[in-house]
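So the structure is just underneath, and the comments pick up after that.
The values are calculated or read from the model by the stated rules, or taken from the named source; none is laboratory data. Everything quoted here is computed from the prediction, not taken from an experiment. Cβ: placed from backbone, ideal geometry, glycine included. Neighbour counts: every protein chain shown. For accessibility, only protein heavy atoms count, side chains too; no ligands or nucleic acids. Shrake-Rupley method; radii C 1.70, N 1.55, O 1.52, S 1.80 Å.
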Amino acid sequence: MRKNNAQAYLFLSPFLILVTLLYILPAILTVVMAFTGLDSSFEWEFEGIKNFRRVFRDPNTPKIIINTIIYVATCISVTMVVDLFFAIMTTHFIKTESTASFFKGVLMIPMITPAVVYSVLWIWLLSSNSGGFLNKIFMGITGSQTPVNWIANYPMQVVIIAKIMTSIAFGTINFSSAIKAIPENQFKAARVDGAKEWEIVKSIIIPNLRFHILFIALWETLGLLTDYTTILLITDGGPGIASEVWALSAYHKAFISAKYGYGAAISLLLIAVVLVFMIAISMVSAHMERREADAR
Amino acid sequence: MNTRKLVALVMALCLCLVSFTAMAETVTLKIAHNYDFVTIPDAVIAAADRLEERYAAEGKDIQIEFEKDYQRIDWGEYGKNLIFAYKNGDAPDIFSVSDVPAMVDVGMLMDISDLNTDAFVDGVFDCYTVDGKAYAMPFDLPVRVIYYNKLSLVEFGWTMEEAEALPAKVAAGEFTWEQFVQLCDDIQNAGVCTWGMAHRPGAGSDFLDVLQTLGGRYYDENSTLVFDEDAMLRFFQFIYDAANTLEITPHDLAQQGWPSINTMVGDGTCFAYYGPIYSSTYVAGAVNKDPQQFSEDVAFMMFPVSEFNEKPFVIAAPQGMGINSATKYPEICHDLLAELAAGSADLLANHADVIFTLSSVKAANEMEAITTNPIVADVGYMAEHAISVPSINGINTLNSEMLNAIVQLELGQITPEQAVENVKIQMELNIDEDEIIFE
């Protein structure tokens, strides 16, 4: 047994070394950096909790927290509903595999499009001049002569919609697989009992998917908290800080203002929140495994 | 026989030794530059040929070769990359500088105070001077000015003579900033131009020139950053009014990219613009005009006197190169810069001609390349009024926070008072107490 363990560790060691070098060491450095005044001169000067005090003294902090909550909460709720809708439609109602695959393929387009291309498309679509796609439609319908600056006037709405579009495919495909895994006899029994399709969805599909829903919701929340690419490329957090979220704020402080210590402090606070979600994900995963084991 | 062999061997050895000493020493310098104006590093490379000749005349056989690293990235990022490379012992030997205070802080710039500064225009080293020491050599003397469209003025009812005389009136203090803003408004209202005044879309020191026109100061005699609250309020009020009350500036100007703004200024859609004179290369390029055509349409003037500013002025914003303090060849790098300042000023004149600006070296400004440049020839007088801004710690943070406020002001999302408060708080948070004065 002990020999087997040694062999396992031997095989795992390259991976463990890489993880230590690429994940654990940078994480430790980030923690240390958060307590320094590291800036563009790359001098590590220990400053205690000055960076954290700065975060809480910054009058922009409440606005950034509110933005982050709005962004994450809206994206996650809309994404989950839309994910479920498409998963049920393409798996339960559309029985032809090729048609369902076509729809799922279409949903994957925003996800597989490179972020830069995808964001440029949004910027073009919502361009503030009269040549912008949406402005052409708007001016055509309303007869208005004044184009609307969509991105400047509705920055949060724009980034939320853009982000939701890229998130749909992941949840839909996961839920689809989960629906397929529901034993067919449950559906048959429901139909024998005279259940309508909506009742089947409500009483069989959704309850069977509850742990998947929880897992995907937590997973997506984690992604939304830490990923800011779409916002960076479309609004860069602006105008002002109208669409600035926590992770983007860390990026701006670290890489635009060259305040690496300050940026690390902001990241560290985010990591604390993310850790809570990771623990929650682990607990849900463990529960799902136990449940599957019990079912077997 | 043995003696013969010995003599032959000694002779062969001597021959080898002579050949070896006769071989030129080849020195490879790494040279780095960012963005378009490659005439800056190219001037250094061309100066190397002349330096080799000078070395040869002195009996030194040195061949200078270059390993080029020309990039096109954000200047802030370029500066950070250089500092990072320096920390790793891999910085170029000679490079275009960015954020000099940060580079001096880490000690990556060689002190070049012993360079013969008499050859240069007065004060041109100020922006590269920290604690009395010069850390980079200015290669040009671009000034930040106000562009205006002469053809629009003529269409508005002025004669071409009157339109062309405007810079002189500004220089004489006979035409004020308030009158100019009113002119922008009148021209727009008359339907001659769609917009009266534009500015850069990103952060930059151009806005500080308007602040200064409105009586503000942003550094003191010790080159410490100053936050002048009253003047800042006047500046933000102007920005707000320009976009929301007078409506001479588009609300979403900051969201429009450089190509759109350059075209707007180049084709006369916008009457006036403030920024560095070398931006005219981009403006002319955006509307496919050569310098001659461009100078027939657009003219440049200084920032005029105002209710709060007694003297017309322009700000000098040179571009320059510094030497890596850890270079293996400090003397050669230094000699290259000295060569440019003395015998090879024509290379700097060529650079200045290409980017439509004056040169930092006096001799170059007398050369035909500059005196016959249709754009530069008309702005030579500005050198007398040019203010050289010193190297200021924290200026990039101020520029960045000001832009944030400008964007929101132009969109009408905040008031000038809120803008002042926001910028002030950010400066308090992000700049060390001893590096900023609030007044």
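Data for the structure
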{"read-out": "Meets criteria (in the same structural domain as B:I355 (by TED's automatic domain parsing), of a type outside the set (S, T, N, Q) and crowded, with 22+ Cβ neighbours inside 10 Å) for B:D93", "value": "yes"}
{"read-out": "Members of the stretch B:99-128 found to be over 20 Å from B:A349 (Cα atoms), away from chain A (no Cβ under 14 Å), surrounded by fewer than 21 Cβ atoms within 10 Å (Cβ to Cβ) and within 17 Å of the chain's Cα centre (by Cα), listed by number", "value": "B:D126"}
{"read-out": "Residues that are free of Cβ contacts under 8 Å to residues at least 40 places away in the same chain and either among the aromatic types (F, W, Y) or within 14 Å of chain A (Cβ to nearest Cβ) (or both), drawn from the stretch B:355-404", "value": "B:T397, B:E401, B:N404"}
{"read-out": "Count - residues of the stretch A:219-239 that are at positive phi and open to solvent by 10 Å² or more (accessible area, probe 1.4 Å)", "value": "1"}
{"read-out": "Test result for B:L233, touching a residue at least 12 places away in the same chain (Cβ under 8 Å), in contact with a helix residue (DSSP H, G or I) (Cβ under 6 Å, 6 or more places away or on another chain) and more than 27 Å from B:Y35 (Cβ to Cβ)", "value": "yes"}
{"read-out": "Elements of type helices (runs of 4 or more DSSP H) in the stretch B:195-275, at least 1 residues being among the β-branched types (V, I, T), touching a strand residue (DSSP E or B) at 6+ places or on another chain (Cβ under 8 Å) and closer than 30 Å to B:T129 by Cβ", "value": "B:206-213"}
{"read-out": "Failed item in (1) within 17 Å of the chain's Cα centre (by Cα); (2) among the charged types (D, E, K, R); (3) within 17 Å of A:S41 (Cα to Cα), with B:D74 passing the rest", "value": "(3)"}
{"read-out": "Subset of the stretch A:46-85 [away from chain B (no Cβ under 11 Å), under 22 Å from A:A258 (Cβ atoms) and surrounded by fewer than 18 Cβ atoms within 10 Å (Cβ to Cβ)]", "value": "A:F46, A:G48, A:I49, A:F52"}
{"read-out": "Failed criterion for B:A349 (all others in (1) in contact (Cβ under 8 Å) with a residue 40 or more places away in the chain; (2) crowded, with 18+ Cβ neighbours inside 10 Å; (3) outside the structural domain of B:R217 (by TED's automatic domain parsing) hold)", "value": "(1)"}
{"read-out": "Answer from B:S96, B:S113 - the residue that is of a type in the set (S, T, N, Q) and closer than 24 Å to B:F356 by Cα", "value": "B:S96"}
{"read-out": "Count of the stretch B:404-413 residues which are touching a Phe, Trp or Tyr at 6+ places or on another chain (Cβ under 9 Å) and surrounded by 20 or more Cβ atoms within 10 Å (Cβ to Cβ)", "value": "4"}
{"read-out": "Enumerated helices (runs of 4 or more DSSP H) restricted to the stretch A:189-296, each holding at least 2 residues that are of a type in the set (F, W, Y)", "value": "A:210-226, A:246-251, A:260-295"}
{"read-out": "Selection count where residues are within 13 Å of another protein chain (Cβ to nearest Cβ) and open to solvent by 20 Å² or more (accessible area, probe 1.4 Å), scope the stretch A:129-148", "value": "6"}
{"read-out": "Residue that is farthest from the other protein chains (Cβ to nearest Cβ) [pool: residues in the stretch B:223-233 that are surrounded by fewer than 21 Cβ atoms within 10 Å (Cβ to Cβ) and either under 28 Å from A:N149 (Cα atoms) or aliphatic (A, V, I, L, M) (or both)]", "value": "B:V226"}
{"read-out": "Test: residue in the stretch B:16-27 that is of a type in the set (S, T, N, Q), touching a strand residue (DSSP E or B) at 6+ places or on another chain (Cβ under 8 Å), loosely packed, with under 14 Cβ neighbours inside 10 Å and at pLDDT below 95", "value": "yes"}
{"read-out": "Residue match in the stretch B:249-263 (condition: more than 14 Å from every other protein chain (Cβ to nearest Cβ) and among the aliphatic types (A, V, I, L, M))", "value": "no"}
{"read-out": "Lone qualifier among A:M165, A:M156 - being open to solvent by 40 Å² or more (accessible area, probe 1.4 Å) and under 26 Å from the mean Cα position of the chain (by Cα)", "value": "A:M165"}
{"read-out": "Verdict on B:D220 being under 21 Å from B:I315 (Cβ atoms) and either among the acidic types (D, E) or within 14 Å of chain A (Cβ to nearest Cβ) (or both)", "value": "yes"}
{"read-out": "The stretch A:246-261: number of residues that are touching a residue at least 60 places away in the same chain (Cβ under 8 Å) and facing chain B (nearest Cβ under 8 Å)", "value": "2"}
{"read-out": "Answer residue from the stretch B:415-439, given it is open to solvent by 20 Å² or more (accessible area, probe 1.4 Å) and at the interface with chain A (Cβ under 8 Å from one of its Cβ atoms) and is farthest from A:K259 (Cα to Cα) among those", "value": "B:N422"}
{"read-out": "Complete set of residues in the stretch A:32-54 that are out of contact with any helix residue (DSSP H, G or I) (no Cβ under 6 Å at 6 or more places or on another chain) and part of a helix (DSSP H, G or I)", "value": "A:V32, A:K50, A:R53"}
{"read-out": "Selection count, the stretch A:98-115, where residues are in a helix (DSSP H, G or I) and loosely packed, with under 10 Cβ neighbours inside 10 Å", "value": "1"}
{"read-out": "Extreme residue, farthest from the other protein chains (Cβ to nearest Cβ), among residues of the stretch A:222-245 that are more than 16 Å from A:I123 (Cβ to Cβ) and among the acidic types (D, E)", "value": "A:D227"}
{"read-out": "Hits in the stretch B:319-341 (condition: open to solvent by 20 Å² or more (accessible area, probe 1.4 Å) and under 18 Å from the mean Cα position of the chain (by Cα))", "value": "B:Q319"}
{"read-out": "Residue count for the stretch A:95-119, restricted to those that are closer than 21 Å to A:M156 by Cα and either over 20 Å from the mean Cα position of the chain (by Cα) or of a type in the set (S, T, N, Q) (or both)", "value": "1"}
{"read-out": "From the options B:S388, B:S360, residue that is surrounded by 23 or more Cβ atoms within 10 Å (Cβ to Cβ), among the small types (G, A, S) and more than 16 Å from A:I241 (Cα to Cα)", "value": "B:S360"}
